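Below: one structure, written as C-alpha cells.
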Amino acid sequence: AQDLFGERVRKRERGAPDRPVLGTRETVSIAGDGVNVEVLCAIDPSHERTVFSPELIRELRRAGGAEVQDLEEKRYLVKLVLKGKKIQTVIEEGSSPYDDARAVIGRRDLMGFLIDPGKQRGETRTVVTVKEDLRAIDRAIAQVDRVLLVLKFVRPKNLLTERQKLERDRTYNPVFEYGELPEGLRESERRLASIMLDDSPLGVLFEKKRRELLTRISLLRARGNAMRFMEASFALYGSPSAALLSHAHSSLASRLACDLPAAEGKSLAAEEAAQVFSEALARYGMHEWQVQVRPRVVSDCAIGRKRVYLRQGARFSEARLHALIAHEIETHALTQENGERQPFRLLQTGCANYLDTQEGLAIFSQNRVLSLYHEKRYDAASNVLAVAFALTHSFADTRAYLEEILGYAPDRALTKTIQYKRGMNDTHEPGCFTKDLVYFRGFRAIEHFAQGGGDLKRLYVGKIAIEDLELVEKIPGILPPLILPEHLTKT
C-alpha cells in the first residue's frame, strides 16, 4: 500500500494523471441491447485473459451484451466499463476460481489501472438495468398514447340525437359532428418526431409504436373528410384485401348448419348484465374494475381503463353474455392487468398493431363458449364484407345490406353501421372506418399460431402483437402473465 501511495505521489509530481485504483473486487457495466448489465468481477492480473462463466455468458448473449468471435475457442467480444474506462475486449468462457464472482478481469484488460489489494467491495449480484433514455421514451410514448384515444375522438358528439332520427327513418343518412381534438396535438407530434431509437428489442418496439401514433394523429385530423379519413384508416387498420375477402366468404359459406337456431337463453337488460360482468371480474380478483351502464356508448359493450361500459337500452342473451365475458374480461381485461405488472408501460397501453392479436385472441376465446351453430361465430367474417361494402356505399345502403344480405337484426345493424361510419361527417358519402377488419384478420393469425403449436399463455403477457412476441420476451425484466383465463390454467 505504501508503494502504491508513493507511486501516485511521484506521478502527480511529474504531472501525469492518476491511474484508477482497483480493489480485488469491482463491478463492471456491460452494454447490451438497450440494457446495462452490472457484474461483480474479481480483479486478478495472474490471469492473462478475462474469463466469464458459461452462465454469465448465456445471460449476456440474451441481453445482446456478448458477440461470438470464435465459437470453438469459446471466445466472445464484449464492451465493458471498468472504473469509468471503456474497454472493448475478447473474453474467454471458463470457470471462476472465486465463489463470489462469476467473472475474472485478467492482465490484458488491466493496463492503465493500479491495484490495491487492501481495497475491498461488498458482495453484489448481477443486475440488469435498462438504459434511462429508453425508460424516458417509454414514459413519453405512454403519455401521448393516453391522449390519442381514437374511439373517444371519432365518437360523434351528436350521436344520441342522430340515433333517434335513425330509429324513426331507415333511409336517413346521419350528419355526424365531432368535439375538439385533444390539446397539445402539435406538441405531441413534435415530441414523437424528435424521438431517436436504437436497434435493441425495445428500440424496435418503440419505433413501431412511434410511427403508429403519428398515423393516429393523421386519422384524427382527417375526421369529417371522407376520403382523407378513409386513407388514414387504411394506414392504421388496413383495407379488405382480396385474400381476406376470399377467406371471409369461405367462412360464411360454411355456416349453412347455422340455419338451426341456437339456444339463446334468457334475454337480460344492460343493468342485469352488469351484475354478471361484475361477478366475472370478482372471480378473477379484479376488484378495482367497475361495470357502468351509459347511454353514449357506440357498441353494446366496450372496455377501457378498468371499466366495462354497457350501452343503456341494449339487451343481452345468455349465450351472448358468456361470449362477451370471454371476449372482454378473459382477454382484454386480463391482458391489461398483466401488462400493468410489466417494467414498461408499452405492454399496458399496447404495442403497435396489438389490436389484431388482442381481438383475434378474444374471438378465439369467445368461440370456445359458443355453440357450433351460433351466428356470432361468424361476426368477424361478416365484418370484412360489411367494411368492404361501406367503403363504396352510404350509411342507409350499408344498414340495409347488413339486415338484408348479412342477416343482422335491425337494432344490431344500426349499431354496426354507426361503427363503420364514425369519423365521417356526411354519411351519405361512401367511406368507412376500417377498424373492424382486425377481428377476422387477427382470429386467423391466432388460429395459425395455435395450430403451429404456439402457447397461447405467452400472448397474455400484455397488449402485444403476435409478430413481436420474440422481441417482447427479450425485454429485460419481463414477467410471465400473472392472471390467465380459466380454460388455459386447466391445460
*the range 413-437, residues that are in contact (Cβ under 8 Å) with a residue 40 or more places away in the chain and either in contact with a Cys (Cβ under 6 Å, 6 or more places away or on another chain) or farther than 22 Å from Thr215 by Cα (or both)*: Leu414, Thr415, Ile418, Asp426, Thr427, His428, Glu429
*asked:* Please count how many residues of the range 251-263 are open to solvent by less than 70 Å² (accessible area, probe 1.4 Å) and at pLDDT 60 or above.
replied: 4
*Selection status of Glu271, touching a residue at least 12 places away in the same chain (Cβ under 8 Å) and surrounded by fewer than 19 Cβ atoms within 10 Å (Cβ to Cβ)*: yes
*May I ask you to verify whether Leu166 is in contact (Cβ under 8 Å) with a residue 24 or more places away in the chain and either of a type outside the set (A, V, I, L, M) or not in a helix (DSSP H, G or I) (or both)?*
no
_For the range 257-350, give me every one of the strands (runs of 3 or more DSSP E) that falls completely inside it and has 3 or more residues that are touching a Cys at 6+ places or on another chain (Cβ under 8 Å)._
307-311
_Of everything in the range 208-252, what is of a type in the set (A, V, I, L, M) and in a loop (DSSP other than H, G, I, E, B)? Give them in sequence order._
Ala222
*Top-ranked residue in the range 106-149 [being touching a Phe, Trp or Tyr at 6+ places or on another chain (Cβ under 9 Å) and not acidic (Asp, Glu); ranked as modelled with the lowest pLDDT]*: Val130
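Yes/no per residue for (1) over 30 Å from Leu459 (Cβ atoms); (2) out of contact with any strand residue (DSSP E or B) (no Cβ under 9 Å at 6 or more places or on another chain); (3) of a type in the set (Phe, Trp, Tyr); (4) open to solvent by 10 Å² or more (accessible area, probe 1.4 Å):
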residue: Asp397; (1), (2), (3), (4): yes, yes, no, yes
residue: Ala400; (1), (2), (3), (4): yes, yes, no, yes
residue: Asp411; (1), (2), (3), (4): yes, no, no, yes
residue: Tyr420; (1), (2), (3), (4): no, yes, yes, no
residue: Gly423; (1), (2), (3), (4): no, no, no, no
residue: Cys432; (1), (2), (3), (4): no, no, no, no
_So Ser371 passes all but one of these: (1) surrounded by fewer than 20 Cβ atoms within 10 Å (Cβ to Cβ); (2) modelled with pLDDT of 95 or more. Which condition number does it fail?_
(2)
*Can Gly442 be described as among the small types (Gly, Ala, Ser), under 29 Å from Leu334 (Cα atoms) and in contact (Cβ under 8 Å) with a residue 60 or more places away in the chain?*
yes
*Subset of the range 341-363 [open to solvent by 10 Å² or more (accessible area, probe 1.4 Å) and under 22 Å from Glu279 (Cα atoms)]*: Ile363
*Residues of the range 464-479 being open to solvent by less than 20 Å² (accessible area, probe 1.4 Å) and touching a residue at least 12 places away in the same chain (Cβ under 8 Å), which ones?*
Ile464, Ala465, Asp468, Val472, Ile475
*asked:* For the list (1) touching a helix residue (DSSP H, G or I) at 6+ places or on another chain (Cβ under 6 Å); (2) of a type outside the set (Val, Ile, Thr); (3) over 19 Å from Lys152 (Cβ atoms), I need the number of the one condition that Met227 fails.
replied: (1)
*With respect to the numbered conditions (1) under 15 Å from Phe364 (Cβ atoms); (2) at pLDDT below 95, which one is the sole condition not fulfilled by Ile475?*
(1)
*Give the number of residues within the range 310-334 that are under 14 Å from Pro485 (Cβ atoms) and either out of contact with any Leu (no Cβ under 8 Å at 6 or more places or on another chain) or open to solvent by 20 Å² or more (accessible area, probe 1.4 Å) (or both).*
8
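The values are calculated or read from the model by the stated rules, or taken from the named source; none is laboratory data. Here the structure is a predicted model, which is why all the values come from computation and not from measurement. With ideal geometry, Cβ positions are generated from the backbone for all residues, glycine too; neighbour counts draw on all protein chains shown. Protein only, heavy atoms only, side chains kept; ligands, DNA and RNA dropped before computing areas. Shrake-Rupley method; radii C 1.70, N 1.55, O 1.52, S 1.80 Å.
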